[in-house]
Amino acid sequence: MTSKEIGAMIRSLRDGKEVICPECKKGKIVTPYDPRTSIYFKCTNCNFKIHMYPVEKK
């Protein structure tokens, strides 16, 4: 995936939209937390995970 594709996927996840897993193409990327603030997303079908480190505001 290119950085633009990853950015678009993250924006869609943050907006709460349904995103198909880029690995298995069968599962959906979900989070057990609020998608606007979550730093963790995972696939419902395979082992694909996204873990973002939170940015500290100065």
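Given +1 at the Cβ of Lys and Arg, -1 at the Cβ of Asp and Glu and no other charges, the dipole of the chain around its Cα centre is 60 debye to the nearest 20.
Hey, fewest Cβ within 10 Å first, where do E5, E23 land in order?
Working: E5 10, E23 14.
Ranked by crowding around the Cβ, least crowded first: E5, E23.
Select one label from (i) 4, 19, 28, 28, 13, 4, 2, 1, 0; (ii) 3, 12, 21, 21, 17, 13, 7, 3, 1, 1, 0, 0; (iii) 4, 13, 10, 10, 9, 8, 8, 8, 7, 6, 5, 4, 3, 2, 2, 1, 1, 0: the one whose number is P(r) over Cα pairs in 5 Å bins from 0, in percent as derived from the coordinates shown. Of the listed options (i) 4, 19, 28, 28, 13, 4, 2, 1, 0; (ii) 3, 12, 21, 21, 17, 13, 7, 3, 1, 1, 0, 0; (iii) 4, 13, 10, 10, 9, 8, 8, 8, 7, 6, 5, 4, 3, 2, 2, 1, 1, 0, (i) comes from this structure. Counting only residues at least eight positions apart within a chain, or on another chain, the lysines with an alpha carbon under 23 Å from that of K42 are K4, K17, K25, K26, K28.
Would you mind ranking M9, M1 by Cβ crowding within 10 Å, fewest neighbours first? Don't skip to the end; give the middle numbers.
Numbers: M9 18, M1 9.
Ordered from fewest to most neighbouring Cβ atoms within 10 Å, M9, M1 come out as M1, M9.
Mean residue ellipticity, 222 nm, helices only, the chain: the sum of -39500 (n - 2.57) across DSSP H runs of n ≥ 4, divided by residue count and rounded to 500, is -6500 deg cm²/dmol. To the nearest 10 degrees, how steep is helix 3-14 against the longest Cα principal axis of the chain, on a 0 to 90 scale? Result, in degrees: 80.
Each value in this text was obtained by applying a stated rule to the coordinates, not by laboratory testing. In this text, all values refer to a predicted model and were calculated from it rather than measured experimentally. All Cβ positions, glycine included, derive from the backbone under ideal geometry; neighbour counts span all protein chains shown.
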